[in-house]
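Notes follow the structure.
The values are calculated or read from the model by the stated rules, or taken from the named source; none is laboratory data. Keep in mind that this is a model prediction, so the values were computed, not measured. Every residue, glycine among them, receives a Cβ derived from its backbone with ideal geometry; neighbour counts consider all protein chains shown.
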């Protein structure tokens, strides 16, 4: 019960941003997608392109991002640019974001954080390095880059931030509590960010997917199960929630009552359950 569809970014030593420009085009505004090669992010890129948004696709795999950008240009006739982004290289985040602002001529409208990492719970129990990586990728790095985005959009008094957290953060379960704790922190941070930015007119959406069928979950999920959603379904839900200025999105919708039920179980009973 987690957003295992999110691709984990890797640390790198470089702190420069490489952006490949395309021809100018009138659009619905620029959107930065962080972790753009994940399953949900790819579906979001296509969905946003259909609405005429220009995109900056940021991540670690430049070759894969370049292929995606070319596909978006051909299919949807939009601007699609590529930027190198290292989630764990915190020192590079200010320069990275400044370059994104310059590349969009100050017309960056939205930021979508679509990356994450989930190692086996047993590994995080035995190795603090593994536990720290899960926390740093899913929480610490998000705080770093979202703080850059929040300050920029707050000054512009418009725009949106969408953050993919997880239903795993709703309650600590023995099967993945390290990952769940990181996502719980991300959910709380996003909620605070939403309260901070409300007065400036900036919309902040917390996204909580359940099981999503992607290459990262290949072999782990029964894709025919009604509990497993496609990336396209999740992307459509996210875009709809942004347009409606929703605050929290469970996707698919049935995860909201499922998690409400799980959270209502008394601790004396819950600690005996193998969830």
Query - Sole exception among (1) modelled with pLDDT under 95; (2) in contact with a strand residue (DSSP E or B) (Cβ under 6 Å, 6 or more places away or on another chain); (3) crowded, with 23+ Cβ neighbours inside 10 Å for residue 19, by number - result: (3)
**Report entry** Hits in segment 255-271 - residues which are in contact (Cβ under 8 Å) with a residue 24 or more places away in the chain and within 26 Å of residue 240 (Cα to Cα)
**Finding:** 255, 258, 259
Query raised in the report: What are the residues in segment 46-59 that are over 19 Å from residue 231 (Cβ atoms) and out of contact with any strand residue (DSSP E or B) (no Cβ under 7 Å at 6 or more places or on another chain), if any?
Result: 52
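Suppose the filter is in contact with a helix residue (DSSP H, G or I) (Cβ under 6 Å, 6 or more places away or on another chain) and at pLDDT below 95; does residue 116 pass it?
For residue 116, the condition - in contact with a helix residue (DSSP H, G or I) (Cβ under 6 Å, 6 or more places away or on another chain) and at pLDDT below 95 - is met.
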Query raised in the report: If you scan segment 51-108, which residues turn out to be closer than 19 Å to residue 28 by Cβ, in contact with a helix residue (DSSP H, G or I) (Cβ under 6 Å, 6 or more places away or on another chain) and assigned to a helix (DSSP H, G or I)?
Result: 72, 76
Report task. State the number of residues belonging to segment 226-248 that are within 14 Å of the chain's Cα centre (by Cα) and within 14 Å of residue 204 (Cβ to Cβ). Result -> 3
Report task. Pick out the one residue from 171, 240, 244 that is surrounded by fewer than 21 Cβ atoms within 10 Å (Cβ to Cβ), in contact with a helix residue (DSSP H, G or I) (Cβ under 8 Å, 6 or more places away or on another chain), at pLDDT 95 or above and within 17 Å of residue 256 (Cβ to Cβ). Result -> 171
**Report entry** All positions within segment 109-146 that are touching a residue at least 24 places away in the same chain (Cβ under 8 Å), farther than 17 Å from residue 174 by Cβ and assigned to a loop (DSSP other than H, G, I, E, B)
**Finding:** 114, 115, 116, 117
Query raised in the report: Restricting the first residue to segment 189-212 and requiring it to be at positive phi and modelled with pLDDT of 95 or more, which pairs with a second residue that is surrounded by fewer than 22 Cβ atoms within 10 Å (Cβ to Cβ) and outside any strand (DSSP E or B) meet a Cβ separation below 7 Å and a spacing of at least six or different chains?
Result: 201/157; 201/158
Report task. Please indicate, with yes or no, whether at least one residue in segment 120-130 is within 26 Å of residue 166 (Cα to Cα), touching a strand residue (DSSP E or B) at 6+ places or on another chain (Cβ under 6 Å) and surrounded by 15 or more Cβ atoms within 10 Å (Cβ to Cβ). Result -> no
